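Down below is the structure, laid out as structure tokens.
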């Protein structure tokens, strides 16, 4: 079983620069009401696979531009983490400062942020349960995607990506299920019927020595 996650594209009305609290809140709303930047790159064929996307125009537009002939299911579990300014002020702060302080408030379940970090984790866990055993394409937003990938790794999934460090717009992630070490080779020295990749690799090595 494997599935593909695509990060939404960068909205045309991307929040950048310095904002007051009201300006930041308005910029966040504008991002979710904006199409993504023009795209003419690779498209993916999801034929035979389920497609799930988050709410909001960026997710819908990403699916339209990157996936061939699809009818996605909109799932609020894949929505971006809600962002709100950490305080009411006319003072101007860079976007990253607003996001960093909002993340700190989520971590401590500050009521100013509508979703705590634990709420986000619970949402990611519910989606992982939903997608277990399903071949699919998933489109979600960068902040939520970061938490979703962390939870997938904790559940034994292998995450393959082309980039490193910060998640990039339109980046693709291939998710597959890691086979756990079954332990059978500890009791089956001939490895005649190994039950996991580790056992099969060991059996192949032993066989190559014999030949």
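The values are calculated or read from the model by the stated rules, or taken from the named source; none is laboratory data. Given the structure is predicted, the values throughout are model-derived calculations rather than measurements. No Cβ is skipped: glycine too gets one built from the backbone with ideal geometry, and neighbour counts run over all protein chains shown.
Below is a table of values for the structure above.
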{"quantity": "Selection status of residue 167, under 30 Å from residue 88 (Cα atoms), touching a helix residue (DSSP H, G or I) at 6+ places or on another chain (Cβ under 9 Å) and assigned to a loop (DSSP other than H, G, I, E, B)", "calculated": "yes"}
{"quantity": "Qualifying residue in the stretch 172-181 (condition: under 31 Å from the mean Cα position of the chain (by Cα), more than 30 Å from residue 46 (Cβ to Cβ), modelled with pLDDT under 85 and surrounded by 13 or more Cβ atoms within 10 Å (Cβ to Cβ))", "calculated": "yes"}
{"quantity": "Residue match in the stretch 10-20 (condition: at pLDDT 90 or above, assigned to a helix (DSSP H, G or I) and within 29 Å of residue 93 (Cα to Cα))", "calculated": "no"}
{"quantity": "Residue match in the stretch 60-72 (condition: surrounded by 14 or more Cβ atoms within 10 Å (Cβ to Cβ), in a helix (DSSP H, G or I) and in contact with a helix residue (DSSP H, G or I) (Cβ under 7 Å, 6 or more places away or on another chain))", "calculated": "no"}
{"quantity": "Residue that is surrounded by the most Cβ atoms within 10 Å (Cβ to Cβ) [pool: residues in the stretch 103-135 that are within 15 Å of residue 24 (Cβ to Cβ) and in contact with a helix residue (DSSP H, G or I) (Cβ under 9 Å, 6 or more places away or on another chain)]", "calculated": "113"}
{"quantity": "Unique match (being within 16 Å of the chain's Cα centre (by Cα) and either surrounded by fewer than 18 Cβ atoms within 10 Å (Cβ to Cβ) or free of Cβ contacts under 8 Å to residues at least 12 places away in the same chain (or both)) among 47, 90, 55", "calculated": "55"}
